[in-house]
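Novice: The following block contains the structure, expressed as structure tokens.
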Amino acid sequence: MKKIELLVPAKNLESGMVAINYGADAVYIGADKFGARAAAGNSVKDIEELVNYAHKYNAKVFVTLNTILFDKELEEAEKLIHNIYNAGVDALIIQDMGILKMNLPPIPLHASTQTNNYDLERIQFLDDLGFERIVLARELSIEEIRKVRNKTKAELEFFIHGSLCVSLSGQCYFSEAITGRSANRGMCAQMCRHPYNLIDADGKKIVLNGHLLSLKDLNLGKDLKEMIQAGVMSLKIEGRLKDLSYVKNVVSFYRQKLDEILNSDSEYTKASSGKTQIQFEPDPEKSFNRLSSDYFMNGRGEELVNQLTPKSMGKKLGRVRLVMQRYITIRTQEVLNNGDGLCFIKDGKLLGVRVDKVDGNHVYVNDISKLKSGMEIYRNHDHDFTKKLLADKSVRKASAKIEVAEIDGKLSFIMKDEDGLTSEYILNALPEAANNEERAISNIKTQLAKSGTTMFAIEEVIFKGNQAYFFRMSELNEIRRTLFEKHEQQRIQSFVRKDSTMKIQDIPFPKTEVDFTENISNEKARQFYAEHGVTKQEEALEISMEKPDQLLMTTRYCIKHELGYCERFQGAKNTPPEPLYLEDQNRKYLLNFDCKNCLMRIRMVGVEG
């Protein structure tokens, strides 16, 4: 059977453990340096602790080292990789090809989405090179994923939920060029979330102060089965900076969705062990979200951005029905609670109010003046739901059985789990015989079956002794505790990490000349490309000077299509005269439309005002 993995982000040790508790088959986490989320770094010690916790459930831990590196950092990065490997990590996620020229331990390598895994030719190069896994670009459709699967042998990973980068991954220089904060160095300033004016060639302002690059969040909950059938084996949630409530809610939602698929199709199975009994009804709309789309999964989508705000709007409730002097009523099927946060758009801005009290259908808010009848209204903070999530302490449990057997005058307590692993606790001296056999055996079964907050769920206790023996409750509890601890260590020690057998293949890069978009920022990367047939290289923008017409972004998302101006797919006529520009308070940015390849590029023009 093919193992299907639910891959979840971890901001830190606590977040990673929560992700595993709520159903992750694997987590990805940043080390203390060189990860694409500079604000989500972790010590090797914490990573090692997370690895041991994950391996108890046959879950895996991947570390992100997916920034580009400078020459002065190469030695430190190589040392860090060895420390990560020695901590038991299962794979390293990288962007910088210079890493392949290091003296590496046998740690499996995953090609990060930052390596711009959008073009089939590039994906095939990485596959032939020997990467164990390729993290596909978020822009690919289901049909394009199928084509990749038919042409490659590496594992394929794809994003299913969370924030979207509007640029092709690894191809965004907006932040670096404008603020000096490089997205490829983990310090993105999120220029795509800023408001812009859209201006045509005649200087007419078509859109004023719109968030024209701020994509809605990704939600592919309804597409999981088709993605799996297309060849994706790892389904990835985005959000290494999100809080624990987000992790619990979103992971639980996709765990349930995925289990439904796995339970109905014998061709696929779960990639790890154990099961969490979720004590709440997960709903991703109740956690941070900027509204959602399926992006390009089912072809070029409509309304991919929310022009009005880049902030979380939460779940749509309905419309305001009445605005009275002290309260409002809302047309909604949802139950509101004291402390909820409501938001709405007024005069082109996202505004919010707090619910002070709910009395029947009367909703008392802290500022009634902002609201009017007919408004669409959302709940971006569900107080009771969030409170329930914070309090929830669900534990993931591996099922097991315990057999009590008398062998050669000794009493053995044998534990066997769902993966076939066994542990044994032997009582060398037999206890005294019980006066009431039935009660004694019942007591043994009852006490040994208690699992509390441990990682085990004891499905059955089988007694095969020659006769019943008397145990004090404290004695049985100690036997159970010792057996559980022994078996937990057995699970950790029995986990077999798969070392890499990767041998870099001598194959040509798809191009002999590359520009700055290959993000070559160190000598080892230059050596790598030269050895693979690249005769002309440009340096990464991070170590060179930008040009007057500097390319800032390449994206499959298209403003013309978003606004209904696409001649190719929408048959639009009377379109605004080109070139089109974006404008903020300081600069203008030129929009280039490559309609043949269905790409949009943004370039810098003018100077700072």
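Values in this text are rule-based calculations from the coordinates and carry no lab data. Just so we're clear, the structure is a prediction, and the values are computed from it rather than from any experiment. Methodologically, a virtual Cβ is constructed for each residue, glycine included, from the backbone with ideal geometry; neighbour enumeration extends over all protein chains shown.
Novice: Over all alpha-carbon pairs in the range 313-391, figure out the percentage whose distance exceeds 22 Å.
Specialist: Working: 431 of 3081 pairs.
More than 22 Å apart: 14 percent of the Cα pairs in the range 313-391.
Novice: So what are the three principal axis dimensions of the chain from its Cα atoms, in whole Å, longest to shortest?
Specialist: 100, 74, 41
Novice: Follow-up question, since we're still on this one. Calculate the all-directions average of the projected area of the range 450-609's alpha-carbon convex hull, and give it in nm².
Specialist: Numbers: hull surface 88.3 nm².
That works out to 22.1 nm², a quarter of the Cα hull's surface.
Novice: Would you mind checking K275/K445; K225/K596; K33/K147; K11/K503 for any pair whose Cα atoms are more than 28 angstrom apart? Kindly include the intermediate steps, with their values, before the conclusion.
Specialist: On the way: K275/K445 23 Å; K225/K596 31 Å; K33/K147 35 Å; K11/K503 32 Å.
Going by Cα-Cα distance, K225/K596; K33/K147; K11/K503 fall outside the 28 Å limit.
Novice: Go through 400-412, 281-293, 431-443 and give me the packing order, highest mean Cβ count within 10 Å leading.
Specialist: On the way: 400-412: 16.2, 281-293: 19.6, 431-443: 13.5.
Top of the packing list down: 281-293, 400-412, 431-443.
Novice: Over all directions, average the projected area of the Cα convex hull of the range 116-257 and note it in nm².
Specialist: 11.2 nm²
Novice: If you take every DSSP beta bridge fully contained in the chain, what fraction is antiparallel? Give it as a percent rounded to 5. All intermediate terms of the calculation are to be shown ahead of the outcome.
Specialist: Numbers: 64 of 108 bridges.
Beta bridges within the chain, antiparallel portion: roughly 60 percent.
Novice: Let me ask something else. If packing is taken as the mean number of other Cβ atoms within 10 Å per residue, what is the order of 446-456, 190-200, highest first? All intermediate terms of the calculation are to be shown ahead of the outcome.
Specialist: Working: 446-456: 15.7, 190-200: 20.0.
Sorting 446-456, 190-200 by mean packing, highest first, produces 190-200, 446-456.
Novice: Still on this structure, please answer the following. What whole-number volume per residue, in cubic angstrom, does the convex hull of the C-alpha atoms of the range 430-524 give? Mind showing how you got there, number by number?
Specialist: Values: hull volume 22.6 nm³, N = 95.
So the per-residue hull volume is 238 Å³.
Novice: Related question: Looking at the range 86-172, which chymotrypsin sites (Phe, Trp or Tyr not before Pro) are DSSP coil and have at most 13 other C-beta atoms within 10 Å of their C-beta?
Specialist: Loop-located and lightly packed - none at all.
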